1. Within segment 82-111, restricting attention to residues that are more than 28 Å from the chain's Cα centre (by Cα) and within 21 Å of Thr147 (Cα to Cα), which residue is surrounded by the fewest Cβ atoms within 10 Å (Cβ to Cβ)?
2. One residue is enough: does segment 112-132 have a residue meeting the conditions part of a strand (DSSP E or B), at pLDDT below 90 and open to solvent by less than 40 Å² (accessible area, probe 1.4 Å)?
3. Answer yes if at least one residue in segment 37-60 is touching a Leu at 6+ places or on another chain (Cβ under 8 Å), aliphatic (A, V, I, L, M) and either open to solvent by less than 70 Å² (accessible area, probe 1.4 Å) or modelled with pLDDT of 85 or more (or both), and no otherwise.
4. Does segment 84-104 hold any residues that are under 13 Å from Thr121 (Cα atoms), part of a helix (DSSP H, G or I) and among the aliphatic types (A, V, I, L, M), and which are they?
5. Name the residue that is nearest to Thr147 (Cα to Cα), counting only residues in segment 16-74 that are among the small types (Gly, Ala, Ser) and not in a helix (DSSP H, G or I).
6. In segment 109-133, what count of residues is obtained for those that are of a type outside the set (Asp, Glu) and closer than 27 Å to Gln44 by Cβ?
7. Scan segment 134-157 for residues that are farther than 27 Å from Pro43 by Cα, surrounded by 11 or more Cβ atoms within 10 Å (Cβ to Cβ) and without any contact (Cβ under 8 Å) to a residue 24 or more places away in the chain and jot them down.
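The values are calculated or read from the model by the stated rules, or taken from the named source; none is laboratory data. The model shown is predicted, which means the values in this text are computed figures rather than measured ones. Cβ placement follows ideal geometry from the backbone for every residue including glycine, while neighbour counts extend to all protein chains displayed. SASA here: full protein model, heavy atoms, side chains in, ligands and nucleic acids out. Shrake-Rupley method; radii C 1.70, N 1.55, O 1.52, S 1.80 Å.
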Amino acid sequence: MKANMQSQIEDLKRQKKKQSGFTLIELMIVVAIIGILAAIAIPQYQNYTGRAQAAEAITLFSGVKTSLAEYYNENDAWPTAAGSACAADCNEAVGIDAAASIAGTYVSSVQVAGTGVVTATFGSGVHSGDTMTFTPDATNDGALSWTCASAAIVDSQLPSNCR
């Protein structure tokens with residue numbers, strides 16, 4: 001009888017060792033933790049992607065800014081005020097390529113208006129169809145300062161110098 005009971009105890013110990021693994025609750029906790037991390041990480045990644053794509057507009061604008069500043073310093077006026085026949089697209093008057101030629105991976109065009117305002121239009125990516133505007137301010141004794149903004153792009157997806 002004692003040997004039979006010993007044998008049953010040994011069988012129970014072996015069965016207990018065979019059934020090692022994760023319980024349902026442990027697996028549910030892991031899934032919940034992964035879900036919480038994803039809920040935090042995905043919006044942050046989208047903001048990062050949006051800022052990187054918006055930074056392309058600033059990069060393309062930097063070349064236009066130089067040409068526009070030279071034009072303003074030579075004529076002491078923006079293209080339409082200086083007698084140029086442009087109103088909406090003054091790229092040629094300023095001496096730069098056509099708006100559609102100034103493009104990148106996400107920006108489809110960079111266009112100069114007669115008031116000196118530069119508009120970058122996004123053709124693809126997170127901001128597809130949106131625009132960023134760069135507005136000049138010449139009130140600092142002839143030195144130009146620029147303000148960038150966008151009505152359609154949320155602040156968290158704009159580079160820090162445009163917020």
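1. Checking each candidate, the answer is Ala87.
2. Within segment 112-132 (the criterion being part of a strand (DSSP E or B), at pLDDT below 90 and open to solvent by less than 40 Å² (accessible area, probe 1.4 Å)), the answer is no, since none of the residues qualifies.
3. There is at least one residue in segment 37-60 that is touching a Leu at 6+ places or on another chain (Cβ under 8 Å), aliphatic (A, V, I, L, M) and either open to solvent by less than 70 Å² (accessible area, probe 1.4 Å) or modelled with pLDDT of 85 or more (or both).
4. Ala99, Ala100
5. Gly21
6. 13
7. Thr135, Asp137, listed by residue number.
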